[in-house]
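This report refers to the structure that appears directly beneath it.
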Amino acid sequence: MRWPRRFLPLFFSLFVAAVSTATPCFAQNPDVAARLRADISALTAFPSRVPGTPGNAAAATLVENRFKQLGLTNVRSDQTFVTAPVTQSASLTLGGRQLPILPLYPNHVVASTTPPAGLSGPIVYAGQGRPSDFNGQLVEGSIVALDFNSGMAWITAADLGAKAIIFLEPQITGRGQAERKFTYLPVEMPRYYVRGAAADAVRAASGQSATVKSHVIWKQVPVRNVLGYLPGKNPPAKDKPNTVIVSAYYDSMSVVPDLAPGAEAAGSMAAMLEMARRFKANPPAHNVLFVANGAHHMALAGVRNFIAGHVIDADGKADEAKKAEMASYRAFIGLDLTSNTQTVGMFAKSWFYNQMTVGSENILLNQFSNLAKSVGRYAQEQADKKGAPIEEAFVDGITGREGRTWRSYLPAQIALDSEAATMAALPGLSFVTANDARLLQDTPFDTVAAMNLPNLARQVESVEGLLRRTLSDVAEADSNPKATPLLPEASALSKNFGFLVGRGIYRDVKNASSFLPDSPLPDEQIGVAGTQALGAV
């Protein structure tokens, strides 16, 4: 998972669903939805695209091949490394049968790993995990099975002495439930997800002895950023920034990392492929560097590694060619589109970095106000031609409208890759689906079957038109010394981009009296072998 989020009440999600399924005011070409479906289906064919899984590497190859098919030039990939939890093995032995189980996301740095011999005890099925559900059952030393949609009741089971928790697959769930299955504290409590017939077997086995074995490690794993270049129709002179970065991500995330279809995330990637197809047929004014990053959900590691390698001189070793590349970038445009509404917005700030804090953020946002007005003007023209209110297709997440701020348009507290670009003094903006609580994201139920592809197709067509016209205006303003720039210059943005290096330690839990770790090893007992096994965190 990526970061804490708050969720709107159920009535809001029902309202969003009603809006998204209403008669569309903005017609779209069905061929666009068909192309989006094909790319999303190809990406979601892998059980997971979380870094460290085979699907992540396969998705990078898929995107690289699609860039080449679309006719982009200088298609290549940069390999970097991120630290991710990787499942080595996991199983549940019950009644002489070995059943498949899937480890849940780690509690902070503590993964769902058991001793080599496993953890054994009787199965205790406690349904919703309410105190009354434990009445008459001996929980201490047991393996507790809970319905997945039981909130944080697993903490009660841990308090009562459970050795491990098994969550049984529900018919449907939401991100609010998913994010209550792990903590941001290093809680020593293995947790697992069981599906289908295996879940039925566990539910019916209360009182029977079982053994859980699993091995999950933190490991430095390779990920790739895939790059493809498209020459512009009329870019600014070579001695001026003449290239715009357009970025999306192809990785996925779920509370069950090995079961992360990530269809909505794949939708953003498919949207960028559709944009590349359209821009190839009719190039915009600027040169465009398309970037597909493979580690968005790991605290924006994908885009941060791209920036360190292409936008700033992170190690101070840039040669003249690299300096020329860094000087060529005019802006970073991120795509973070989902399918539950047809409304897209443009944003210069979101929830991940607390840039300039709430009280001072207008200093940052005002630097993008000229561009926001230009894009808003074109969005109004689109709406007028279609005879529909502008709010149904576009919202201004920079200057706001009628007293609203960007926060009111993003009920899901998402992180935007463009935030990292702005931190590196490259003007960063994102086109983001507005008014979407993203209720299935980060769950195993985020599938293409749950998407509203006509909504996504309408957003793609809106963004393509808005971006094309706006880039033309930016190029014209940049070439005229007397014109007011539509985008801020890099020198106008505070440069706060950097890396933090830390170290991890093991904790001695052999004599622990609580599932909360409370006995850190002294520094002098931490050896090289331990550091290598843990990896960088």
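Do the conditions hold for N370, that is, is it in contact with a Pro (Cβ under 8 Å, 6 or more places away or on another chain) and open to solvent by 10 Å² or more (accessible area, probe 1.4 Å)? When the stated conditions are applied, N370 passes them.
Here the stretch 176-235 is the region considered, the condition is being of a type in the set (K, R) and in contact with a Lys or Arg (Cβ under 9 Å, 6 or more places away or on another chain), and the residue that is surrounded by the fewest Cβ atoms within 10 Å (Cβ to Cβ) is K181. Within the stretch 342-349, can one find any residue that is closer than 23 Å to S48 by Cα and either touching a His at 6+ places or on another chain (Cβ under 7 Å) or part of a loop (DSSP other than H, G, I, E, B) (or both)? No, the conditions are met nowhere in the stretch 342-349. Among the residues of the stretch 452-469, those that are open to solvent by 10 Å² or more (accessible area, probe 1.4 Å) and of a type outside the set (G, A, S) comprise N452, P454, R458, E461, E464, R468, R469. I'd like the residue in the stretch 373-403 that is in a loop (DSSP other than H, G, I, E, B) and surrounded by 13 or more Cβ atoms within 10 Å (Cβ to Cβ) and, out of all such residues, is nearest to the chain's Cα centre (by Cα). The extreme case among them is G397. Candidates are the residues of the stretch 404-413 that are in a helix (DSSP H, G or I) and within 23 Å of P427 (Cβ to Cβ); the one that is most open to solvent (accessible area, probe 1.4 Å) is R407. Residues of the stretch 133-191 that are hydroxyl-bearing (S, T, Y) and more than 16 Å from S206 (Cα to Cα): S150, T156, T173, T183, Y184. Comparison of G262, G232 shows that the only residue that is within 27 Å of F167 (Cβ to Cβ) and either hydrophobic (A, V, I, L, M, F, W, C) or touching a helix residue (DSSP H, G or I) at 6+ places or on another chain (Cβ under 9 Å) (or both) is G262. Of (1) part of a loop (DSSP other than H, G, I, E, B); (2) open to solvent by less than 30 Å² (accessible area, probe 1.4 Å); (3) modelled with pLDDT under 90; (4) not charged (D, E, K, R), L364 satisfies all except one. Which? L364 satisfies all of (1) part of a loop (DSSP other than H, G, I, E, B); (2) open to solvent by less than 30 Å² (accessible area, probe 1.4 Å); (3) modelled with pLDDT under 90; (4) not charged (D, E, K, R) except (1). Figure legend. Inter-residue proximity from the stretch 76-90: first residues over 17 Å from A59 (Cα atoms) and touching a residue at least 24 places away in the same chain (Cβ under 8 Å), second residues among the small types (G, A, S) and in a strand (DSSP E or B), beta-carbon distance below 9 Å, spacing 6+ or different chains. Indicated pairs: T87/S214; Q88/S214; S89/S214; A90/S214. In the stretch 472-511, of all residues being closer than 23 Å to I312 by Cα and not in a loop (DSSP other than H, G, I, E, B), the one that is modelled with the lowest pLDDT corresponds to S491.
Listed here are the residues, each with its yes/no results for (1) touching a Leu at 6+ places or on another chain (Cβ under 8 Å); (2) surrounded by fewer than 19 Cβ atoms within 10 Å (Cβ to Cβ).
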| residue | (1), (2) |
| --- | --- |
| D251 | no, no |
| S268 | yes, no |
| M272 | yes, no |
| A281 | no, yes |
| K322 | no, yes |
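Scanning the stretch 131-154 for residues that are free of Cβ contacts under 8 Å to residues at least 24 places away in the same chain, open to solvent by 30 Å² or more (accessible area, probe 1.4 Å) and under 24 Å from S91 (Cα atoms) yields L138, E140, D147. Scoring G262 on the criteria (1) surrounded by fewer than 22 Cβ atoms within 10 Å (Cβ to Cβ); (2) closer than 30 Å to T83 by Cβ leaves a single failure, condition (1).
Quick one: in the stretch 435-451, which of the residues that are small (G, A, S) and at pLDDT 95 or above is surrounded by the most Cβ atoms within 10 Å (Cβ to Cβ)? Here the residue is A450.
Looking at the stretch 1-73, what helices (runs of 4 or more DSSP H) fall wholly within it and have at least 2 residues that are modelled with pLDDT of 55 or more and crowded, with 21+ Cβ neighbours inside 10 Å?
Answer list for the stretch 1-73: 30-43, 54-69.
Return the residues of the stretch 74-93 that are under 26 Å from I166 (Cα atoms) and surrounded by fewer than 19 Cβ atoms within 10 Å (Cβ to Cβ); say none if nothing qualifies. The answer is Q88, S89, S91, T93.
The values are calculated or read from the model by the stated rules, or taken from the named source; none is laboratory data. Predicted, not measured: the structure shown is a model, and the values here were computed from it. Cβ: placed from backbone, ideal geometry, glycine included. Neighbour counts: every protein chain shown. Quick note on the areas: whole protein, heavy atoms, side chains included, nothing else; ligands and nucleic acids left out. Shrake-Rupley method; radii C 1.70, N 1.55, O 1.52, S 1.80 Å.
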